[in-house]
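Down below is the structure, laid out as structure tokens.
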Amino acid sequence: MTKDILMIVGDFSEDYELMVPFQALQMVGHDVDAVCPDKEAGETVKTAIHDFRGDQTYMESRGHNFELNATMADVDPTEYDALCVPGGRAPEYLRTYDEVIEAVQHFFEADKPVATLCHGPQILAAADVLDGYEMTSYPAVQAECEAAGCSWVDEVTRDRNLVTGQAWPDHPEWLAAFMDLLGDEVSHGEPVAADD
């Protein structure tokens with residue numbers, strides 16, 4: 001069954017964490033609206049690629065221009081079935097927008113599915129919705145998550161309506177958990193072959 005999914009993004013959202021879920025969720029039939037405060041449908045956000053090369057933290061490179069397909073000012077969160085919040089550097093400034101915080105709070109108050117990873121939980125912490133959850137994030141965000149009242153773990157986690165991952169290498173497990181929460185039939189393991 002098709003779900004309407006809101007994706008909140010911004011300049012320097014992590015490229016893979018924005019592009020891969022946006023396309024994968026559409027691929028299985030969902031409608032995904034990607035929005036950014038103070039930008040309209042048809043405008044773009046710049047992405048950043050975070051690469052892990054054995055350093056103490058990630059290395060960052062310029063990614064793509066990602067075209068928004070909806071306008072945040074026109075969004076009514078009550079019309080959406082689920083929320084997806086990618087990571088990257090965008091969450092550190094997106095959490096300063098009242099409209100972003102209010103949208104996130106709606107999804108938790110209504111117990112709708114929410115998926116986030118990497119630095120995305122910074123927005124959820126600012127929205128004060130993490131108290132009592134078990135979750136994960138990029139390890140450098142652990143202190144913020146715990147200060148917001150959650151129990152932080154070192155793996156992809158689903159707790160009630162919330163699915164969390166640490167970074168884009170978690171996509172297979174993180175997206176499978178989110179799609180399962182959305183009611184999609186997800187095959188874990190070998191691909192399912194079509195009948196001949």
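The values are calculated or read from the model by the stated rules, or taken from the named source; none is laboratory data. From a predicted model like this one, the values you see are computed outputs, not experimental measurements. Every residue, glycine among them, receives a Cβ derived from its backbone with ideal geometry; neighbour counts consider all protein chains shown.
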Of the residues in segment 128-139, those that are surrounded by 24 or more Cβ atoms within 10 Å (Cβ to Cβ) and of a type in the set (Gly, Ala, Ser) number 1
What about GLU60, is it of a type outside the set (Phe, Trp, Tyr) and touching a strand residue (DSSP E or B) at 6+ places or on another chain (Cβ under 9 Å)?
-> yes
Taking ALA82 as meeting all but one of (1) closer than 22 Å to MET135 by Cα; (2) of a type in the set (Gly, Ala, Ser); (3) out of contact with any Leu (no Cβ under 8 Å at 6 or more places or on another chain), write down the number of the exception.
-> (3)
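Let's see how each residue does on (1) at pLDDT 95 or above; (2) charged (D, E, K, R):
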{"site": "ILE8", "(1), (2)": "yes, no"}
{"site": "SER13", "(1), (2)": "yes, no"}
{"site": "GLU17", "(1), (2)": "yes, yes"}
{"site": "ASP33", "(1), (2)": "yes, yes"}
{"site": "GLU40", "(1), (2)": "yes, yes"}
{"site": "GLU43", "(1), (2)": "yes, yes"}
{"site": "ASP55", "(1), (2)": "no, yes"}
Given the conditions (1) of a type in the set (A, V, I, L, M); (2) over 21 Å from TYR16 (Cα atoms); (3) under 15 Å from the mean Cα position of the chain (by Cα), which single one is not true for ALA148?
-> (3)
Just wondering, is there one or more residues in segment 29-36 that are charged (D, E, K, R) and closer than 12 Å to ALA115 by Cβ?
-> no
Checking ALA125, ALA115, ALA176 in turn, the sole residue that is closer than 24 Å to THR2 by Cα, crowded, with 20+ Cβ neighbours inside 10 Å and aliphatic (A, V, I, L, M) turns out to be ALA115
Residues of segment 67-87 being under 15 Å from VAL104 (Cα atoms) and out of contact with any Gly (no Cβ under 8 Å at 6 or more places or on another chain), which ones?
-> MET72, ALA73, VAL75, ASP76, PRO77, THR78, GLU79, TYR80, ASP81, ALA82, LEU83, CYS84
Scan segment 168-183 and report the pairs whose first residue is within 14 Å of VAL28 (Cα to Cα) and whose second residue is part of a loop (DSSP other than H, G, I, E, B) and polar (S, T, N, Q), with Cβ atoms within less than 9 Å and a gap of 6+ or a chain change.
-> ALA176/SER187; LEU181/ASN161
Could you identify the single residue in GLY63, GLY88 that is free of Cβ contacts under 8 Å to residues at least 60 places away in the same chain and small (Gly, Ala, Ser)?
-> GLY63
Given (1) in contact with a Pro (Cβ under 7 Å, 6 or more places away or on another chain); (2) within 20 Å of VAL20 (Cα to Cα); (3) of a type outside the set (Val, Ile, Thr), index of the condition ASN161 fails | (2)
So which residues in segment 13-60 are touching a helix residue (DSSP H, G or I) at 6+ places or on another chain (Cβ under 6 Å) and either β-branched (Val, Ile, Thr) or free of Cβ contacts under 8 Å to residues at least 12 places away in the same chain (or both), if there are any at all?
-> VAL20, VAL32, VAL35, THR47, ILE49
